[in-house]
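The values are calculated or read from the model by the stated rules, or taken from the named source; none is laboratory data. Quick caveat: nothing in here was measured; it's all calculated off a predicted structure. Neighbour counts are summed over all protein chains in view; Cβ atoms, including those assigned to glycine, are modelled from backbone coordinates with ideal geometry. SASA here: full protein model, heavy atoms, side chains in, ligands and nucleic acids out. Shrake-Rupley method; radii C 1.70, N 1.55, O 1.52, S 1.80 Å.
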Amino acid sequence: MWRPAPPPVLKINGAVQAGGGASDPEIQMGRTHQLKIIFKNPDQTLGSAVMEKIAETVEKSVIVGNSEGIGISTDRVAPPETRPNQDTSTTSPAASQKLYRTALNYLYRLESSHDELARIFGARFTNTATRAVVFNGIDVNYQSGEPYSFSWKGLRIDSSSAVNYYSHFSENPNLHQKEFMYVFGLQASQDEADIFENDFQVASISTVKGLKLINQNQIPGVQVRKISSSNLSDLESLNISDATKTKLRDSVHAGHIVYVPSQPFTYQNWTGLVYIDIDPSTGFGGYTIGEGLNGGYTVEQWPEGWQHFWRDHLISNLTATIQSPTANQEFIRGVKIPWRAYYRGDTSVPGLPNEWYDVVNLDTSSWTVGTTTLWSGYGTTASVQIRIKSDCKIGKENCDYDDFILKQATSTRYGMPPGILKAIIEQETKSNPFNPRTSRYEPKRDFQDFSGSTPNVAMTSTVPYSYFTLSGQNSSGQAVATGSKVYSLPRDYKTTLKNTQSGGWQLRGIITTDRNGDGILTFQEVYENDRDHTPGSQNWPTSTIPSLNFTPQFLLSSSYGLGHVMYKEATEAKNPSNNLIMKTTYTPHDIVNKPELGIELAASILKGKFDHLVPNDNCNGWSQAVRN
């Protein structure tokens with residue numbers, strides 16, 4: 001029997017936001033409590049302070065002690081698989097998490113289908129006050145007016161949606177909004193049944209599904225009636241309650257059109273009434289089922305494992321297996337990724353496990369290009385890494401950085417054919433195509449610029465080069481101290497780009513054995529290490545370097561990133577406003593870490609070499625110049 005009287009509590013992502021404290025008012029289990037959700041928008045008129053404006057208020061009866069998963073969207077829905085920290089940190093029971101996950105699934109399904117609908121009308125929309133509540137349907141049993149016990153009846157959903165709609169192709173932003181809202185509401189109601197049937201394989205009903213069943217003659221003796229101001233008197237002939245007749249009569253008097261069955265009906269283990277109340281001037285409508293929900297019900301007996309899961313809220317040894325996508329699978333940004341995860345755990349009844357699948361199509365339109373990790377939910381720790389690739393805008397392959405290339409090649413930036421800039425990047429990274437995390441040490445440039453007898457730069461006294469010198473000597477035998485910022489770099493400088501944190505990103509290995517053991521590494525030793533280990537792998541032009549007896553300045557004398565730009569040239573490169581591109585805080589490895597920086601440096605240097613050429617010469621001049 002229900003006797004406890006706990007204080008109500010509101011949790012968001014498992015963390016208590018309100019209630020639940022010793023000083024909070026107590027409400028007896030089994031009693032009905034009113035939940036009110038208020039959506040507010042910032043509102044400001046010119047010259048006044050920002051105020052709050054109520055966009056929507058939603059009220060719903062809840063039974064104290066019954067968990068309800070509330071999904072809310074005021075813009076776009078972010079699936080839990082892409083934000084694992086918010087999911088794995090919760091302490092809520094798995095059953096409560098599953099209610100919430102189902103609510104999010106519904107909102108995500110709604111958003112995806114309505115995105116497609118909006119595109120048909122040449123429009124877009126954003127959610128302003130959209131919510132879905134998924135909860136256990138329970139009947140409370142009373143003794144002497146007091147809640148005594150409950151009977152679990154299945155799952156239910158209650159939802160509502162308010163959106164901002166705008167047309168792309170008309171001066172009238174509301175063009176086709178009414179038609180959009182008609183179909184929007186019908187699909188949302190159909191989804192209220194589909195969400196349970198698809199996620200749990202349990203037969204369900206919603207307003208639209210119920211009316212479809214009647215129109216398809218699957219409910220004998222019941223017809224759907226359209227009631228408007230022209231036939232309002234027909235309402236009296238319907239075998240429905242007086243209270244419902246009053247609601248519908250008031251709606252018709254307000255100019256609405258109502259679609260309602262001739263009487264309540266039974267579908268599997270559910271009996272009740274459904275109806276649609278439409279405002280024909282806007283297309284907005286209410287899709288009501290049962291006792292006033294805008295939602296859906298499950299209508300068949302659940303498997304026993306699920307029943308214990310929902311009633312007891314207990315499951316142990318929960319594990320997850322991600323079946324789709326698979327590790328390292330690649331997807332073009334904008335496609336929908338089929339997510340399928342299998343969960344299995346033990347219920348409170350020995351030998352009676354419960355298992356389910358989470359299935360959803362993940363929309364990647366707004367995802368970042370590169371490697372993304374997706375995670376299982378409910379406190380499990382399965383994960384899968386996938387790669388999001390950019391859709392091709394230049395050529396037909398290696399398109400992850402096309403947007404960056406187009407941005408820098410435009411006439412308002414460096415003014416060059418984007419195909420030429422992309423071809424240069426492909427040429428520079430051909431042994432590891434379009435991988436920005438590469439570098440190449442250039443010993444001849446090292447001797448000329450830094451370590452030779454008459455260097456172009458006094459590396460130990462010229463900023464920023466003095467920050468990144470490596471200890472040893474130059475070719476004249478003069479000592480070189482370690483630069484002041486070398487040890488702040490996150491990677492092992494001796495092997496250029498070897499990442500000591502994740503195992504290595506290095507394109508070409510450099511062997512740094514001090515062969516004579518004097519504590520000073522020289523390029524002669526590095527060259528001999530390479531010669532003895534992998535002869536010719538580096539193709540260093542040693543015959544053109546007067547002396548090899550200097551410490552290699554790997555950081556200063558390497559080319560980096562997508563354009564394989566030498567660090568010295570990178571520090572001198574300027575943007576179209578004639579300002580230095582490299583900020584004073586940038587390190588050599590920033591060219592690798594920031595692909596867009598590497599592309600801009602390549603564009604700047606390329607433009608500097610062929611400044612007399614223009615981008616609109618059908619590439620003839622550029623192509624010839626690059627070949628030369």
Exercise for the section: Could you list all residues from region 107-144 that are in contact with a Ser or Thr (Cβ under 7 Å, 6 or more places away or on another chain), free of Cβ contacts under 8 Å to residues at least 60 places away in the same chain and polar (S, T, N, Q)? Expected result: 127, 130, 141
Exercise for the section: Go through region 323-380 and give me each residue that's touching a Phe, Trp or Tyr at 6+ places or on another chain (Cβ under 8 Å), open to solvent by 70 Å² or more (accessible area, probe 1.4 Å) and of a type in the set (Asp, Glu). Expected result: 355
Completion exercise
Residue pairs within 7 Å by beta carbon, gap of at least six or interchain, first lying in region 369-389 and under 30 Å from residue 314 (Cβ atoms) and in a strand (DSSP E or B), second aliphatic (A, V, I, L, M) and open to solvent by 20 Å² or more (accessible area, probe 1.4 Å), listed first then second, are 384/322; 384/327
Handout entry: Residue list for region 510-562, restricted to those being of a type in the set (Val, Ile, Thr), without any contact (Cβ under 8 Å) to a residue 60 or more places away in the chain and more than 18 Å from residue 473 (Cβ to Cβ)
Key = 511, 534
Completion exercise
Residue hits (region 311-321; modelled with pLDDT under 95 and farther than 26 Å from residue 137 by Cα) are 317, 319, 320
Fill in the blank from the handout: Flagged in region 463-481 as in a loop (DSSP other than H, G, I, E, B) and surrounded by 14 or more Cβ atoms within 10 Å (Cβ to Cβ), in numbering order, are 464, 469, 470, 471, 474, 475
Practice task
State the number of residues belonging to region 294-319 that are assigned to a loop (DSSP other than H, G, I, E, B) and open to solvent by less than 20 Å² (accessible area, probe 1.4 Å).
Solution key: 2
Problem - Some residue of region 175-191 being closer than 22 Å to residue 302 by Cβ, outside any strand (DSSP E or B) and in contact with a strand residue (DSSP E or B) (Cβ under 6 Å, 6 or more places away or on another chain) - result: no
Practice task
Evaluate region 278-293: report whether one residue or more is over 33 Å from the mean Cα position of the chain (by Cα) and open to solvent by 60 Å² or more (accessible area, probe 1.4 Å).
Solution key: yes
Handout entry: Candidate set: region 392-419, residues that are in contact with a Lys or Arg (Cβ under 6 Å, 6 or more places away or on another chain) and of a type outside the set (A, V, I, L, M, F, W, C); chosen: the one modelled with the lowest pLDDT
Key = 400
Fill in the blank from the handout: Residue count, region 202-252, condition open to solvent by 20 Å² or more (accessible area, probe 1.4 Å), of a type outside the set (D, E, K, R), within 21 Å of residue 187 (Cβ to Cβ) and not in a helix (DSSP H, G or I), comes to 3
Handout entry: Filter result (touching a strand residue (DSSP E or B) at 6+ places or on another chain (Cβ under 8 Å) and within 19 Å of residue 282 (Cα to Cα)) within region 224-259
Key = 226, 227, 228, 248, 251, 252, 256, 257, 258, 259
Fill in the blank from the handout: Checked pairs for region 42-60, first of a type in the set (Ser, Thr, Tyr), second open to solvent by 100 Å² or more (accessible area, probe 1.4 Å) and part of a strand (DSSP E or B), C-beta under 7 Å and 6 or more apart or across chains, list as 57/36
Exercise for the section: Considering only region 381-402, state which residues are out of contact with any strand residue (DSSP E or B) (no Cβ under 7 Å at 6 or more places or on another chain) and open to solvent by less than 70 Å² (accessible area, probe 1.4 Å). Expected result: 390, 392, 394, 395, 398, 401, 402
Handout entry: Neighbours by Cβ (under 6 Å, 6+ apart or cross-chain): first from region 219-234, over 12 Å from residue 249 (Cα atoms); second in a loop (DSSP other than H, G, I, E, B) and open to solvent by 90 Å² or more (accessible area, probe 1.4 Å)
Key = none
Practice task
Take the residues in region 539-579 that are within 27 Å of residue 603 (Cα to Cα) and part of a helix (DSSP H, G or I), then tell me which one is most open to solvent (accessible area, probe 1.4 Å).
Solution key: 572
Completion exercise
Filter region 403-414 for residues that are surrounded by fewer than 20 Cβ atoms within 10 Å (Cβ to Cβ) and among the hydroxyl-bearing types (Ser, Thr, Tyr); the one that is nearest to residue 390 (Cα to Cα) is 410
Problem - Verdict on residue 417 being in contact (Cβ under 8 Å) with a residue 12 or more places away in the chain, touching a Leu at 6+ places or on another chain (Cβ under 9 Å) and open to solvent by less than 60 Å² (accessible area, probe 1.4 Å) - result: no
Problem - Only one of 592, 614 that is open to solvent by 20 Å² or more (accessible area, probe 1.4 Å) and at pLDDT below 90 - result: 614
Completion exercise
Within region 361-384, the residues that are over 27 Å from residue 422 (Cα atoms) and either in contact with a helix residue (DSSP H, G or I) (Cβ under 6 Å, 6 or more places away or on another chain) or not aliphatic (A, V, I, L, M) (or both) are 361, 363, 373, 374, 375, 376, 377, 378, 379, 380, 381, 383
Practice task
Kindly indicate the residue of region 253-272 that is under 20 Å from residue 233 (Cβ atoms) and not in a strand (DSSP E or B) and also most open to solvent (accessible area, probe 1.4 Å) among those meeting that condition.
Solution key: 253
Fill in the blank from the handout: Here the qualifying pairs (Cβ atoms under 6 Å; residues six or more apart or on different chains; first in region 437-460 and of a type in the set (Gly, Ala, Ser); second open to solvent by 50 Å² or more (accessible area, probe 1.4 Å)) come out as 453/476
Problem - residue 261, sole failed condition from (1) touching a residue at least 40 places away in the same chain (Cβ under 8 Å); (2) under 39 Å from the mean Cα position of the chain (by Cα) - result: (2)
Fill in the blank from the handout: Those residues of region 277-293 which are assigned to a loop (DSSP other than H, G, I, E, B), modelled with pLDDT of 90 or more and either of a type in the set (Ser, Thr, Tyr) or over 26 Å from residue 165 (Cβ atoms) (or both) amount to 281, 282
Problem - Answer residue from region 261-296, given it is out of contact with any strand residue (DSSP E or B) (no Cβ under 6 Å at 6 or more places or on another chain) and of a type in the set (A, V, I, L, M, F, W, C) and is nearest to residue 244 (Cα to Cα) among those - result: 273
